[in-house]
1. Residues being within 19 Å of Asp7 (Cα to Cα) and small (Gly, Ala, Ser): count how many of those fall in region 31-59.
2. For region 25-53, give me the residue count where each residue is in contact (Cβ under 8 Å) with a residue 24 or more places away in the chain and either within 11 Å of Trp8 (Cα to Cα) or in contact with a strand residue (DSSP E or B) (Cβ under 9 Å, 6 or more places away or on another chain) (or both).
3. Give me a count of the residues in region 36-53 that are open to solvent by 60 Å² or more (accessible area, probe 1.4 Å) and over 13 Å from Asp22 (Cα atoms).
4. Tell me which residues, restricted to region 7-16, are open to solvent by less than 70 Å² (accessible area, probe 1.4 Å) and part of a helix (DSSP H, G or I).
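The values are calculated or read from the model by the stated rules, or taken from the named source; none is laboratory data. Note that the coordinates shown come from a computational prediction; the quantities given were computed from them, not determined experimentally. Cβ atoms come from the backbone with ideal geometry, glycine included; neighbour counts cover every protein chain shown. Please note that ligands, DNA and RNA were not included when accessible areas were found on the heavy atoms of the full protein model with its side chains. Shrake-Rupley method; radii C 1.70, N 1.55, O 1.52, S 1.80 Å.
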Amino acid sequence: MPVVTVDWWKGNDRRKRADLVDEVTTTVARIAGCPREAVTVLVRDVEQDHWGRGGVLADAPAEDPALRPSGAEPAAAGAR
């Protein structure tokens, strides 16, 4: 009985969440060789100010060096 947790940014609508659960369920059931009913998918919406990458919060503008901690490189374009 596989359990999959997906963390993604808050703001996706119910349709996208339903599509995600359906697609993940189908893939996991196929690979695990179990019925779809055995697959549980947890979707957690995370605020961008609670998500960091490369030492920078996701809601910080990449071009604002004042919001980056010392030593952190600016995020590459499209890296978010």
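1. 4
2. Number satisfying all stated conditions: 12.
3. So the answer is 8.
4. Scanning region 7-16 gives no hits.
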